[in-house]
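The values are calculated or read from the model by the stated rules, or taken from the named source; none is laboratory data. What you see is a predicted model; the values in this text were computed from it and never measured. Please note: Cβ atoms are built from the backbone with ideal geometry, for glycine as well, and neighbour counts cover all protein chains shown.
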């Protein structure tokens, strides 16, 4: 909608140039007072009869460029390959993108496959028409469309062959399991179920591989145990091995004895392993189950998605039913996952019976890890917002609080208020936001998206697959208006709903990170930093001069597309008055001032004539609600956050104040330094002058006068340390040396433990006198447990020379004099 | 999520390993043997790094020092003479999750195992190789080894060895794909521990030449270095072996050496007058063979067969 954002709407088939009415807004001709009263009365109470409602061909001015629908930029139909790929991410591309990429792959040069490239748009149209039925096989549809194109073109000879070959290449490249999904009411839920089933299938394959590997490991444990068990042992020598038939394995077996020195596993462990193996083998022999289950209300149309079961339940029992199905499937898998845990612990030798036996008995889905949760068959609860908003809310809230990774798909009609009001004619006041409710549950992944934005929707689906947590998908349906097909076509209509803030897009991903900014994403909306997207409209004034109007695209503009809401618009007469105010400006006015204004939006008829359309107060209130909700989302998403703006301003003010204060301090200090230097200089000069005058000779007086004349007034060189300072700095070293010289001999024996090489020499002499510390290095233990002679002998033997005997601790020990002399070199 | 998960309940409680958890049988080396110090240093590193004993393997060949695995309460492989390195490579190739320590002597590695030495260094698989160099065959009672100095009398050279000794560090530096070469000594536990720890932290084959005293057959061989540290040259660098400054003070000769400079490492490894100690060479970016040989680990027999069949199918003639 705006130049600075992506432009989901298509522009083609230039419609008539819009022309402003002769009463341009700058014209100050006042309106008649009675007319104003009448308009105010209608604005406040639009139920009064009037014939001035805009004609059916009047559209919001901002959408004038899209008056003639063109689906060429619409991503639908989508080409999905539910059976392809093993990454867990559903291969899904807009058909047009796929066609272009494939043709460029086999015909990269400009002249290659020229006829096919020239008629690619027509081929797309043919496929698009054929794909209106959802779930059509892509290859078959492409084949039929290609044949139709060949018939239409009626080429002969080399041209026909070239086109046929190109079509055949496309046909060959088309995935055999490819499905085409057009933009329809049920497309998003189909996409969701296909994506979930695809991911679950990939997880099931990985799970089966894990089970197979684990079963192999456990089988090996049992085989090794068998080889230690008399009667079960197999010699296992390969007669075709190194010694061939000449090697008598059985004789060797008898010679060695079947179980000499071998310890077999305890019987209870063996039994546990066999039980686990039985469960794993059962899983391997049974076909993997990853079939999705869709729970929907009986009056919702059946989806009939291949590989997905459908269960019916009332709106108030929908979530309970989904929980029941999930719990049943989880219980089936709990046995397998529990067995895998036991098997893994056994395989790595970490199984502790007294710890794990009891816990595994109560193994349930809450103990599943993320990979296990995602391997469960997906369960989707599908309901419309209108039905869920009533009695279905409490069960939905309970589902989200339960933590079960169940996906709830809620389809929303953007112009309708899901609160039970008459949505066909009532724009609603304060709307009930189911997506916002999901965010308030904090641990639920919320994917508020639109059918017309499959890439955004699938990104949300991908995020919802990451954490093994509940997911809420709130998706604006590819709406048809309440009064029938949208005048602009579904793609434009759906994107207009997003742009008008009727249904903002956002993702809330609790796995996104530690901060809210990482978890909440609003960027996919047009003009995410503005209140409304703005469209620049080129038009002519009444005199025929070109003008450009900046038109915010508001919720009221979107409601003009809804046939049922046209009663909330009235064509203003062709006069200008200060009371006529653009709706976005009225929303920004204080209430008492806004009450005096008549809010309008611009509409354009099919002939290009522009009209100001008065908006009713109920619709104005709905616009205010939409804008306020959008502001809430913006602040949550970090856009234009008032607290942030205020904090930044506060920091900026503080920094500027601090900076100014520092500058002031520096200026004062500089002034003081200059003054002090000046005084020192004068004082020094006076002292030297006095000295010279009193003691100097005429020669020195002359020399001094010359040097003073050449010297700078202030000297700033760093001062050298004075001899006194230098001696002070040296003094500590000298003191240390003196201290070292005077150090007395240690009185007690000690060991430089960090130098000990753990050679056991001292320990072998006396293991109580010498002991090892925590680093297995020797230290003195019980000094009374040994003699001074042992200390001296250990010091002499120690290869690291780290034992210091000290002074004798027992004066009565014999030969002390001799021992002290021997100990001296080791002190 | 939602504080509901009880995965923790199935975790094995973390165990803190003490030095005793790594102490195997009582070491039967001679008293005063330098091997004791190396054993303690390795046990301390295992404890400090909290290596699970069941995830640690000591591999050795034949010789005094090769009794090392018996004294470690971990998995061990007391292999054939000269074959410590190929066994260790085999262990690492199939069990990359294990920490591998190799104990080998100057006879085991530099003589009968020299061929394996060359290629193990070239494979650069992730392990610590400790060369216990006591300059003699001790276990077989004093025969000349490749590192026995010229003139030293042994049972095989009663009038003294007549050819120059091999220098293990400088030799290793010449091997292709060498990534870590250090030299230390058993009598300075601080330097020994720091060097082995640095070696453990290196991903690749860390070759540590340990000058090791043999009090029985080569007593006094290293006295000149042990009692006069001025004969040693301590290598210092921010990327080298870091030791306590108080311990470093005992080495009067020190030189700054960037371990990435292999040219200077060569020169220092056979310094004319001094014996350089510390990290001679380190290049953490050399190719590690582990990355290539571990493909397919964990595959079941069925998967292996399928892979083999797919490979064969590429050569099928239709």
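Observations
- Tally, over the range B:56-88, of residues that are at positive phi and touching a strand residue (DSSP E or B) at 6+ places or on another chain (Cβ under 6 Å): 1
- Every test in (1) within 12 Å of another protein chain (Cβ to nearest Cβ); (2) surrounded by fewer than 23 Cβ atoms within 10 Å (Cβ to Cβ); (3) touching a helix residue (DSSP H, G or I) at 6+ places or on another chain (Cβ under 7 Å) is passed by residue A:403 save one, and that test is (3).
- The lone criterion from (1) in contact with a strand residue (DSSP E or B) (Cβ under 8 Å, 6 or more places away or on another chain); (2) exposed (fewer than 15 other Cβ atoms within 10 Å of the Cβ) left unmet by residue B:307 is number (1).
- Residue check for residue B:275: away from chain A (no Cβ under 14 Å), touching a strand residue (DSSP E or B) at 6+ places or on another chain (Cβ under 6 Å) and in contact (Cβ under 8 Å) with a residue 24 or more places away in the chain: yes
- Residue-level analysis places residue B:200 outside the set of residues that are more than 18 Å from residue A:758 (Cα to Cα), buried (at least 24 other Cβ atoms within 10 Å of the Cβ) and in contact with a helix residue (DSSP H, G or I) (Cβ under 7 Å, 6 or more places away or on another chain).
- Members of the range A:169-207 found to be touching a residue at least 12 places away in the same chain (Cβ under 8 Å), farther than 25 Å from residue A:471 by Cβ and part of a helix (DSSP H, G or I), listed by number: A:169, A:170, A:171, A:173
- Residue-level check: of (1) under 19 Å from residue A:491 (Cβ atoms); (2) free of Cβ contacts under 8 Å to residues at least 24 places away in the same chain; (3) crowded, with 16+ Cβ neighbours inside 10 Å, residue A:97 misses just (3).
- Some residue of the range A:777-789 being closer than 22 Å to residue B:42 by Cβ, at pLDDT 90 or above, buried (at least 21 other Cβ atoms within 10 Å of the Cβ) and within 14 Å of chain B (Cβ to nearest Cβ): yes
- For the range A:790-827, filtering for residues that are more than 14 Å from chain B (Cβ to nearest Cβ), in a loop (DSSP other than H, G, I, E, B) and in contact with a strand residue (DSSP E or B) (Cβ under 8 Å, 6 or more places away or on another chain) leaves 2.
Conditions tested, residue by residue: (1) under 30 Å from residue A:189 (Cα atoms); (2) loosely packed, with under 15 Cβ neighbours inside 10 Å.
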site: A:108; (1), (2): no, yes
site: A:113; (1), (2): no, no
site: A:116; (1), (2): no, no
site: A:141; (1), (2): yes, no
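- Residue satisfying all of: in the range A:345-365; surrounded by 18 or more Cβ atoms within 10 Å (Cβ to Cβ) and touching a residue at least 40 places away in the same chain (Cβ under 8 Å); nearest to the other protein chains (Cβ to nearest Cβ) among these: A:351
- The set of residues from the range A:367-388 being farther than 27 Å from residue A:89 by Cβ and out of contact with any helix residue (DSSP H, G or I) (no Cβ under 7 Å at 6 or more places or on another chain) comprises A:384, A:386.
- If you go through the range B:23-45 and keep only what is assigned to a helix (DSSP H, G or I) and surrounded by 23 or more Cβ atoms within 10 Å (Cβ to Cβ), you end up with B:35, B:36, B:37, B:38, B:39, B:40, B:41, B:42, B:43.
- Whichever residue in the range A:366-384 is within 9 Å of another protein chain (Cβ to nearest Cβ) and closer than 23 Å to residue A:273 by Cα and, among such residues, is surrounded by the most Cβ atoms within 10 Å (Cβ to Cβ): A:368
- Considering the range B:79-192, the qualifying helices (runs of 4 or more DSSP H), each wholly inside and each with 1 or more residues that are more than 30 Å from residue B:258 (Cα to Cα), touching a helix residue (DSSP H, G or I) at 6+ places or on another chain (Cβ under 8 Å) and more than 14 Å from chain A (Cβ to nearest Cβ), run over B:84-94.
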